[in-house]
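S.K.: Let me begin by handing over the structure; questions about it come next.
The values are calculated or read from the model by the stated rules, or taken from the named source; none is laboratory data. The shown structure was predicted, so the numbers you read here are calculated from the model rather than taken from an experiment. With ideal geometry, Cβ positions are generated from the backbone for all residues, glycine too; neighbour counts draw on all protein chains shown.
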């Protein structure tokens, strides 16, 4: 609950950035700026909400940040170029496609240390049994899926609403209202999507002992011959 509360506390910033990405997606400078801001924010969130207790070195952190933000921006620019000659409604989904692709890059890179050295696995009582990279892969995969689904309502529903509103007289008369309305719609979706998707997978996830590395399996069987499942914190 504490971890979910911490993620929910980040909703206002996420809401503002997402709303701006979806409003200012038409020009290359705007795409570059807002995707960079979003992925910089996500890099901090992904690092602070990681599972393992082994920190990244400064070089690893710098490489992960540059790779994650560059990948996200390149994806957004590529998709934006492909949608220049399609309807504005299709173009509105470019930020979501870029965010979904970027999550697949940003999260593993910012948590790469876990994939190298593993994350702590415990028994049902919380006693530490060792570190597993296999558990890290499962944890990161679950987080990637939950983050993409978390972004989906806020980035998939507002485009339809905004596309309809922009044809109405109100927004034609007050075009400056487009951004605050879009931010509000995104925020409304995130308020519900964030806790729901954080809870999609158990925070204390588990896996079969037989799915762990052979060395760790042998160690666990020697000390706990009857143990069938191990547990780990998947992060957020």
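S.K.: State whether one or more residues within region 213-226 are touching a strand residue (DSSP E or B) at 6+ places or on another chain (Cβ under 7 Å) and in a loop (DSSP other than H, G, I, E, B).
M.R.: Yes, because at least one residue in region 213-226 is touching a strand residue (DSSP E or B) at 6+ places or on another chain (Cβ under 7 Å) and in a loop (DSSP other than H, G, I, E, B).
S.K.: Can I ask one more? Check whether at least one residue in region 135-144 is under 20 Å from residue 223 (Cα atoms) and part of a helix (DSSP H, G or I), and report yes or no. Break it down into steps so the answer makes sense when it comes.
M.R.: At the first step, the residues of region 135-144 found to be under 20 Å from residue 223 (Cα atoms) are 135.
If we keep only those that are part of a helix (DSSP H, G or I) as well, we get 135.
So far as region 135-144 goes, yes, one or more of its residues are under 20 Å from residue 223 (Cα atoms) and part of a helix (DSSP H, G or I).
S.K.: Please specify each residue of region 164-209 satisfying the condition of being out of contact with any strand residue (DSSP E or B) (no Cβ under 8 Å at 6 or more places or on another chain) and not in a helix (DSSP H, G or I).
M.R.: Of everything in region 164-209, those that are out of contact with any strand residue (DSSP E or B) (no Cβ under 8 Å at 6 or more places or on another chain) and not in a helix (DSSP H, G or I) turn out to be 166, 167, 168, 174, 199, 200, 201, 202.
S.K.: Go through 235, 124 for me and flag whichever is exposed (fewer than 15 other Cβ atoms within 10 Å of the Cβ) and either closer than 20 Å to residue 101 by Cα or touching a residue at least 24 places away in the same chain (Cβ under 8 Å) (or both).
M.R.: On the way: 235 fails: exposed (fewer than 15 other Cβ atoms within 10 Å of the Cβ).
Sole residue among the options that is exposed (fewer than 15 other Cβ atoms within 10 Å of the Cβ) and either closer than 20 Å to residue 101 by Cα or touching a residue at least 24 places away in the same chain (Cβ under 8 Å) (or both): 124.
S.K.: Something else about it: Could you tell me whether residue 141 is closer than 30 Å to residue 57 by Cβ and surrounded by 19 or more Cβ atoms within 10 Å (Cβ to Cβ)? Before you say what the answer is, go through the steps one by one.
M.R.: Numbers: closer than 30 Å to residue 57 by Cβ: yes; surrounded by 19 or more Cβ atoms within 10 Å (Cβ to Cβ): no.
Considered against the rule, which asks whether it is closer than 30 Å to residue 57 by Cβ and surrounded by 19 or more Cβ atoms within 10 Å (Cβ to Cβ), residue 141 comes out as no.
S.K.: Take residue 150 and tell me if it is farther than 13 Å from residue 207 by Cβ, at pLDDT below 80 and part of a helix (DSSP H, G or I). Quick ask: steps written out before the conclusion?
M.R.: Values: farther than 13 Å from residue 207 by Cβ: yes; at pLDDT below 80: no; part of a helix (DSSP H, G or I): yes.
It is false that residue 150 is farther than 13 Å from residue 207 by Cβ, at pLDDT below 80 and part of a helix (DSSP H, G or I).
S.K.: For the structure I just gave you, tell me whether residue 130 is touching a helix residue (DSSP H, G or I) at 6+ places or on another chain (Cβ under 7 Å), within 26 Å of residue 49 (Cβ to Cβ) and in a strand (DSSP E or B).
M.R.: Numbers: touching a helix residue (DSSP H, G or I) at 6+ places or on another chain (Cβ under 7 Å): yes; within 26 Å of residue 49 (Cβ to Cβ): yes; in a strand (DSSP E or B): yes.
Considered against the rule, which asks whether it is touching a helix residue (DSSP H, G or I) at 6+ places or on another chain (Cβ under 7 Å), within 26 Å of residue 49 (Cβ to Cβ) and in a strand (DSSP E or B), residue 130 comes out as yes.
S.K.: Inside region 15-106, counting only helices (runs of 4 or more DSSP H) that do not spill past its ends, which hold 3 or more residues that are in contact with a helix residue (DSSP H, G or I) (Cβ under 9 Å, 6 or more places away or on another chain) and either modelled with pLDDT of 75 or more or surrounded by 15 or more Cβ atoms within 10 Å (Cβ to Cβ) (or both)?
M.R.: Counting at least 3 such residues, we get 28-48, 58-82.
S.K.: Looking at (1) surrounded by fewer than 20 Cβ atoms within 10 Å (Cβ to Cβ); (2) out of contact with any helix residue (DSSP H, G or I) (no Cβ under 8 Å at 6 or more places or on another chain), which is the only condition residue 216 fails?
M.R.: (1)
S.K.: If residue 165 meets every condition in (1) closer than 21 Å to residue 96 by Cβ; (2) without any contact (Cβ under 8 Å) to a residue 24 or more places away in the chain; (3) out of contact with any helix residue (DSSP H, G or I) (no Cβ under 9 Å at 6 or more places or on another chain) apart from one, which number is that one?
M.R.: (3)
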